[in-house]
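Take a look at the structure set out below.
The values are calculated or read from the model by the stated rules, or taken from the named source; none is laboratory data. Worth saying up front: this structure is predicted, and the values here are computed from it rather than measured. In this analysis, Cβ positions are derived from the backbone assuming ideal geometry, glycine residues included, and neighbour counts consider all displayed protein chains.
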Ligand SMILES: Cc1ncc(C[n+]2csc(CCOP(=O)(O)OP(=O)(O)O)c2C)c(N)n1
Ligand SMILES: [Mg+2]
């Protein structure tokens, strides 16, 4: 076990993937000498060379489009999109090309491309640096969408994503990059929890609280606070946003009878809406209250001096938990 | 307010030269970047005035002093902003250090009727367009997304997503065409972007649109040699200005640290645009003297030696040298400018520190033209939620209405209140 920041754990996971498979490539803006603006690829170009860790020209459509070509040629590219708000120039390549190639080729073409996106707010950034666009990709058939929330998961999930034969959109909780945790860098990714499985990170009996990425920490804090008030909250880290691990989610809700979903993205047409619908279908007779959602507002991400209002925090999550007892 | 020094001397405008000569890359090898014969220069780094056959420039001593004043004041604004960021007053700052001449020269070439589309680094152009530097600090402090009125200043909002604004500029120019607003004294557009931006699809599409529609737009590329950590060679094998020819319009490279050359060449290109000659690309060859932004660490990717070489080509010093050499300014003038810069710095410092955070509910404004059921409901619910903390803090009783609960649902005591986080003091934990 080593104590690592989440950023460092990502770095170690990428390093392992580069070591394990010579077909793995890393490409993106500033990923070389600089090691990426968050230093996720720090030192990788030095150790694996410029043809495996590639500083690309400044164009996201180009990054993803050429990654598709490289994948067609047998490589496994891992693309870094510098910030969430800069993925949109690549939207055509991701949604119309990357996601659909297997289907269009009737299964003969696989595109094992990973697109890493640091996402979410809370770092006091200017516009376009704090967004949560995950639902745009979760809505797109053909893409797997995951979000890690901790160092150990960052380390294994990125390796699993790279080994996946489908395209994976890999969201990283940027405001948690500097959080430290013990990570076993000798652990085998193959033995880890499968990439599409959710994880129960706190057990409880009264409410199921669902979170992913940066919100897992908030959810755990809410569970701890609620415990003081005599409420037992089960927290599930979704990890996989598409597909959702409905077995685990519904299994928990059937026991607790209450469900709250939280994410930074706007609540309207967000992932919480999909979860609420599925939970309602699968757990209707177990529910004591409607599924409640706590998330961003239906507004553009505000100037950072207002982001503490926009981001769901401990109090807003606790408020929702309270409300599920009001029915 | 900044003094208008440029823009009024239409008499000195010239017809731009014909298309740039065929690229030396014909042989397959890119020409030396920055080869002296390509660079349009009117004022040497030593402060000597030189002539260029295609860009004659008559400039009065008072205009020159005005340009110097602009250069010094925007540099001061920049220094102050970096300091404010270090002190935690700004979230981030993108410094223009080294690019003052490119921005002031091109900014002062604009007439009041012309429209400019900036990136996030055009603080010098913002200055020329009469935008209060405090508005820029607001943006980088996180108080606004850019709170000036683009129409009032004829200066669009800063655009952070690389390259997008070049298409907006082109579309705006197409509007000018449709309005018949070109011609003598008519309107033109300038689009700013960086060397890195030239790789974006949007920028290349803007070139194509401007070209085939002959739009009155000037593409002003500040080639500061870097896109964060990536050197120019990662974006282009040929000098950037030569790209223009492939799109079907003229491109030229100007010494971006020479305010006079930037002024003359931009004027000429704007005039060509007004006269119906279509777009021009100007590559202002310069250098980003500082970090990409205050969060960047350039020691990881570039050599200190380059920086030293570029210091000798400082855009401000050479104007000062020329002012002295030509007897256009005396010591008292320079003292005056320094004092004015100090006053500007002090004003920005104080006003920035005193700048209040926006009201929480202002986040819900200006999303649509009128009322919107979802936004309005969320705003009202959040207002009630915030009020509930006030109530709890004031009198500690009374269950507030639920933040987003079903209407008519009885409120329930909140954990947060029970834990006494009254007033506006939310727990602020676990962010
Ligand atoms: C679409 C997009 N991708 C990535 C970024 C992140 N980013 C911000 S500035 C920058 C480099 C820009 O370089 P250049 O165009 O040369 O302008 P400069 O910053 O040097 O003025 C990058 C990659 C962005 N803002 N937008
Ligand atoms: Mg640049």
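What is the residue count in the stretch A:253-281 for residues that are over 13 Å from residue A:210 (Cβ atoms) and over 20 Å from the mean Cα position of the chain (by Cα)?
6
Kindly provide the set of residues from the stretch A:30-44 that are within 16 Å of ligand 2 (Cβ to nearest atom) and in contact with a strand residue (DSSP E or B) (Cβ under 7 Å, 6 or more places away or on another chain), ordered by number.
Within the stretch A:30-44, A:30 is the sole residue that qualifies.
Answer yes or no: is there a residue in the stretch B:174-196 that is within 11 Å of ligand 2 (Cβ to nearest atom) and in a helix (DSSP H, G or I).
Within the stretch B:174-196, one or more residues are within 11 Å of ligand 2 (Cβ to nearest atom) and in a helix (DSSP H, G or I).
Has the stretch B:181-199 got at least one residue that is closer than 25 Å to residue B:160 by Cα, surrounded by fewer than 19 Cβ atoms within 10 Å (Cβ to Cβ) and either in the same structural domain as residue B:111 (by TED's automatic domain parsing) or within 9 Å of ligand 1 (Cβ to nearest atom) (or both)?
no
Give the residues of the stretch B:119-146 that are part of a loop (DSSP other than H, G, I, E, B), within 21 Å of residue B:353 (Cα to Cα) and touching a residue at least 24 places away in the same chain (Cβ under 8 Å), sorted by residue number.
If we filter the stretch B:119-146 for residues that are part of a loop (DSSP other than H, G, I, E, B), which is where we start, we get B:119-122, B:129-132, B:142-146.
From what is left, the residues that are within 21 Å of residue B:353 (Cα to Cα) are B:131-132, B:142-146.
Selection gives B:131, B:142, B:143, B:144.
What number of residues within the stretch A:213-228 satisfy the criterion of being at the interface with chain B (Cβ under 7 Å from one of its Cβ atoms) and farther than 17 Å from residue A:175 by Cβ?
Within the stretch A:213-228, residues that are at the interface with chain B (Cβ under 7 Å from one of its Cβ atoms) and farther than 17 Å from residue A:175 by Cβ number 2.
Is it the case that residue A:234 is surrounded by fewer than 24 Cβ atoms within 10 Å (Cβ to Cβ), within 18 Å of residue A:320 (Cβ to Cβ) and more than 14 Å from every other protein chain (Cβ to nearest Cβ)?
yes
Among the residues of the stretch B:230-243, are any within 11 Å of ligand 2 (Cβ to nearest atom) and either more than 20 Å from residue A:59 (Cα to Cα) or assigned to a strand (DSSP E or B) (or both)?
yes
Among (1) surrounded by fewer than 23 Cβ atoms within 10 Å (Cβ to Cβ); (2) in contact (Cβ under 8 Å) with a residue 60 or more places away in the chain; (3) within 14 Å of chain B (Cβ to nearest Cβ), which single condition is residue A:120 missing?
For residue A:120, the failing item is (1).
Say whether the condition of being in a helix (DSSP H, G or I), at pLDDT 95 or above, within 16 Å of ligand 2 (Cβ to nearest atom) and crowded, with 24+ Cβ neighbours inside 10 Å is met by at least one residue in the stretch B:202-221.
Within the stretch B:202-221 (the criterion being in a helix (DSSP H, G or I), at pLDDT 95 or above, within 16 Å of ligand 2 (Cβ to nearest atom) and crowded, with 24+ Cβ neighbours inside 10 Å), the answer is yes, since at least one residue qualifies.
With B:54, B:114 as the choices, which residue is surrounded by 21 or more Cβ atoms within 10 Å (Cβ to Cβ), farther than 22 Å from residue B:327 by Cβ and touching a strand residue (DSSP E or B) at 6+ places or on another chain (Cβ under 9 Å)? Step through it out loud before you land on a result.
Details: B:54 fails: surrounded by 21 or more Cβ atoms within 10 Å (Cβ to Cβ).
Among B:54, B:114, only B:114 is surrounded by 21 or more Cβ atoms within 10 Å (Cβ to Cβ), farther than 22 Å from residue B:327 by Cβ and touching a strand residue (DSSP E or B) at 6+ places or on another chain (Cβ under 9 Å).
Name the one entry in B:169, B:102, B:81 that is within 16 Å of ligand 2 (Cβ to nearest atom) and either crowded, with 24+ Cβ neighbours inside 10 Å or assigned by TED's automatic domain parsing to the domain that holds residue B:203 (or both).
B:102
I'd like the full set of residues that are more than 14 Å from every other protein chain (Cβ to nearest Cβ), out of contact with any strand residue (DSSP E or B) (no Cβ under 7 Å at 6 or more places or on another chain) and within 16 Å of ligand 1 (Cβ to nearest atom), limited to the stretch B:281-337.
Once the filter is applied, which keeps residues that are more than 14 Å from every other protein chain (Cβ to nearest Cβ), out of contact with any strand residue (DSSP E or B) (no Cβ under 7 Å at 6 or more places or on another chain) and within 16 Å of ligand 1 (Cβ to nearest atom), the stretch B:281-337 yields B:287, B:289, B:290, B:306, B:307, B:310, B:315.
One residue is enough: does the stretch B:283-293 have a residue meeting the conditions surrounded by 12 or more Cβ atoms within 10 Å (Cβ to Cβ) and either in a helix (DSSP H, G or I) or more than 16 Å from ligand 2 (Cβ to nearest atom) (or both)?
no
Residue B:381 - would you say it is loosely packed, with under 12 Cβ neighbours inside 10 Å and either assigned by TED's automatic domain parsing to the domain that holds residue B:83 or in a helix (DSSP H, G or I) (or both)? It would help to see each step written out before you state the result.
Values: loosely packed, with under 12 Cβ neighbours inside 10 Å: no; either assigned by TED's automatic domain parsing to the domain that holds residue B:83 or in a helix (DSSP H, G or I) (or both): yes.
Considered against the rule, which asks whether it is loosely packed, with under 12 Cβ neighbours inside 10 Å and either assigned by TED's automatic domain parsing to the domain that holds residue B:83 or in a helix (DSSP H, G or I) (or both), residue B:381 comes out as no.
Report yes if residue B:271 is out of contact with any strand residue (DSSP E or B) (no Cβ under 9 Å at 6 or more places or on another chain), away from chain A (no Cβ under 14 Å), part of a helix (DSSP H, G or I) and surrounded by fewer than 24 Cβ atoms within 10 Å (Cβ to Cβ), otherwise no.
yes
Which of the residues spanning the stretch A:1-34 are part of a loop (DSSP other than H, G, I, E, B) and free of Cβ contacts under 8 Å to residues at least 40 places away in the same chain?
Matches in the stretch A:1-34: A:22, A:32, A:33, A:34.
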